[in-house]
Amino acid sequence: MNRNLKNVLVISFGFLLLFTAYGGLQSLQSSLHAEEGLGVASLSVLYAALILSSMFLPPILIKKLGCKWTMAGSMCCYIAFSLGNFYASWYTLIPTSVILGLGGAPLWSAKCTYLTIAGNAYAEKAGKKGKDIINQYFGVFFLIFQSSGIWGNLISSLIFSQASNKVEISEENLACCGAYDCMTDTTNTTGSAEPSNSLIYTLLGIYTASGVLAVLLIVIFLDQIKSDQAETEKEILETPSFWSTFLATFQHLKDKRQCLLIPLTMYSGFEQGFLSGDYTKTYVTCALGIHYVGYAMICFSAVNSLCSLLFGRISQFTGRKLLFALATVTNTACIIALLLWKPHPKQLAVFFIFPALWGLSDAIWQTQTNGLYGILFEKHKEAAFANYRLWESFGFVIAFGYSTKLQVYIKLYILLSVLVLSMVTYGVVEYLEAKSSPGTPTATKKENVGPLTQETHM
């Protein structure tokens, strides 16, 4: 096997193991640690730490440690979060959330840098175009990585379904589920009784072991970047100083198109935050039980992966405007339906229709928004994507931050309002582009778009 391909597979399976654990834990936070909103508070803190990490840490760590050891060290931050869940409290979960947030950005940046260097090195030896090989490497990576959402949630559902203390849900308790929730700890009053400690520890043990295996895979099997690739490495890692990186991010806001795209970028964080923080708790856990959360999120992950692949291919034929319109209509229909629907265990299929439609919409928001940034700001991609990560992370922080303070129907109205505002400002961006440059080229340099798509999913 080609050595570079071997390294791509090592990274891909390392991320698969790591995010099998993290993806499953993120889906369960609001249901597993509902007391005083600890679960969603930890996610809010996590994304706040990610904002700071994205701005400053990646270039510094990669330059000091190299890609391999940056990835290994950052993966240990994810393991710390798994360990913090064993004895979940404000004194364990919040600090480990900060640690994970700080490790998130260096992990993804080191992965992108490593695959780019490896792709360019192989292309030079094989006499091929660098961007073609890099696209192939990222294609292999995301093919393997995307399934992590399925395995992590499948493990949690299979383990929690072993619980022997399931209880019958009364109609009175079901009235507290859905958009007009009773603002109480629905995890303990409805659905099934909280899983036993032994089941929770079993799940966390599996997740922690998965993270440890990921680190061992990287440390033992991943090759260091060779010295004969120093020129390529220098070119990729040569970054501005600490403060100039920070300033460049905000100086990019002088571009009115960037300012107009802020609502759309934040909406991406809002809608993902609602699904993983509110839908899983007040609809699925409340009416069906915590053991169904994993199955619902599997549905979301599977549809999201398939649609990301599909829309990535057909966007050149349909154009981004049509796809954005499809996502808007789909999300709007879901929000209105969630406002009207009273969840009931007898309507089992409906619980999976919503995450499936949400996955379809999210696939468009992720692929097309990243693509839009890559096209509009081709000359300032670094600052543009720093803004993308910054504003989407703000969306997550706000969504998780008010999660325990507001009733679900208010959150749905906020979501709908931000969506409408996003489409208005996005429409202005398209108008300005059409007016200033009628011959704007279609998606270019996709290699710069692909690797960033999943950064936002931590």
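The values are calculated or read from the model by the stated rules, or taken from the named source; none is laboratory data. Keep in mind that this is a model prediction, so the values were computed, not measured. Glycine also receives a Cβ, built like all others from the backbone with ideal geometry; neighbour counts cover every protein chain displayed. The area values use the complete protein model at the heavy-atom level, side chains included, leaving out ligands, DNA and RNA. Shrake-Rupley method; radii C 1.70, N 1.55, O 1.52, S 1.80 Å.
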I'd like the isolated cysteines in the chain, meaning no second cysteine's beta-carbon lies under 4.7 angstrom from theirs. Cys67, Cys76, Cys77, Cys112, Cys259, Cys299, Cys307, Cys334
Run through every distinct alpha carbon pair of segment 244-436 and return the Kirkwood hydrodynamic radius in angstroms, one decimal place. 17.4
How big is Rg to Rh over segment 53-181, alpha-carbon atoms, Rh as the Kirkwood inverse-mean-distance radius? 1.15
Pull out the extension gain between Lys256 and Ser147, defined as 0.36 nm times the separation in residues minus the alpha carbon to alpha carbon distance; nm, one decimal. 35.5 nm
Averaging the inverse of every distinct alpha carbon separation and then flipping it gives the Kirkwood radius. What is it for the chain, in angstrom units? 22.5
nm² value of the averaged projected area, convex hull over the Cα atoms of segment 343-427: 6.9
State, as an integer percentage, the relative contact order of segment 244-436 based on alpha-carbon contacts under 8 Å between residues 6 or more apart. 45
Among Thr367, Phe86, Ser393, whose Cα projects farthest towards the positive end of the dipole of the chain, with charges put on the beta-carbon of Lys, Arg (+1) and Asp, Glu (-1)? Thr367
In Å², and per residue, what accessible area does the chain have when probed at 1.4 Å with the other protein chains present? 41
Report the charge-dipole magnitude of the chain in Debye, nearest 20, computed about the Cα centre from +1 at each Lys and Arg Cβ and -1 at each Asp and Glu Cβ. 1140
Two-site FRET efficiency, Ala175 against Lys129, from Cβ-Cβ distance with R₀ of 45 Å, rounded to 0.05: 0.15
Based on DSSP H runs of at least 4 residues, each adding -39500 (n - 2.57), what is the mean residue ellipticity at 222 nm of the chain after dividing by all its residues, to the nearest 500 deg cm²/dmol? -25500 deg cm²/dmol
Largest-first ranking of Trp90, Trp341, Trp365 by accessible area, probe 1.4 Å, whole protein assembly kept, is Trp90, Trp341, Trp365
Using DSSP to define loop residues, name the GluC sites (Glu not before Pro) in segment 69-172 whose beta-carbon has at most 16 other beta-carbon atoms within 10 Å. Glu168
How many percent of the accessible area of segment 244-436 is carbon or sulfur, using a 1.4 Å probe? 71
Distance in nm between pseudo-label sites at Thr332 and Ile220 (7 Å out along the Cβ direction from Cα): 5.4
State, as an integer percentage, the relative contact order of the chain based on alpha-carbon contacts under 8 Å between residues 6 or more apart. 26
Using Stokes-Einstein with the Kirkwood hydrodynamic radius over Cα pairs, what translational diffusion coefficient do you get for segment 346-386 at 20 °C and a viscosity of 1.002 mPa s, in µm²/s rounded to a whole number? 176
Rank these by accessible area, largest first, 1.4 Å probe: Asp223, Asp132. Asp132, Asp223
For Cys112 the rounded accessible area (nearest 10 Å², probe 1.4 Å, non-protein molecules ignored) is 20
How many angstrom separate the Cα center of segment 40-112 from the Cα center of segment 391-417? 23
Which residue, Gly149, Gln224, Ser170, has the largest displacement toward the positive end of the dipole of the chain when charges sit on each Cβ (Lys, Arg +1; Asp, Glu -1)? Gln224
Using 7 Å Cα-to-Cβ label points, what is the Gln162/Lys64 separation (nm, one decimal)? 4.2
Hey, if we sort Asp181, Asp255 by accessible area with the 1.4 Å probe, largest down, what's the order? Asp255, Asp181
What figure in square angstrom, to the nearest 10, would you give for the accessible area of His380 with a 1.4 Å probe? 110
Assigned charges on the beta-carbon of Lys, Arg, Asp, Glu; segment 244-436 dipole about Cα centre (debye): 140
Leaving ligands, DNA and RNA out of it, report the carbon-plus-sulfur percent of the accessible area of segment 104-146 at a 1.4 Å probe. 52
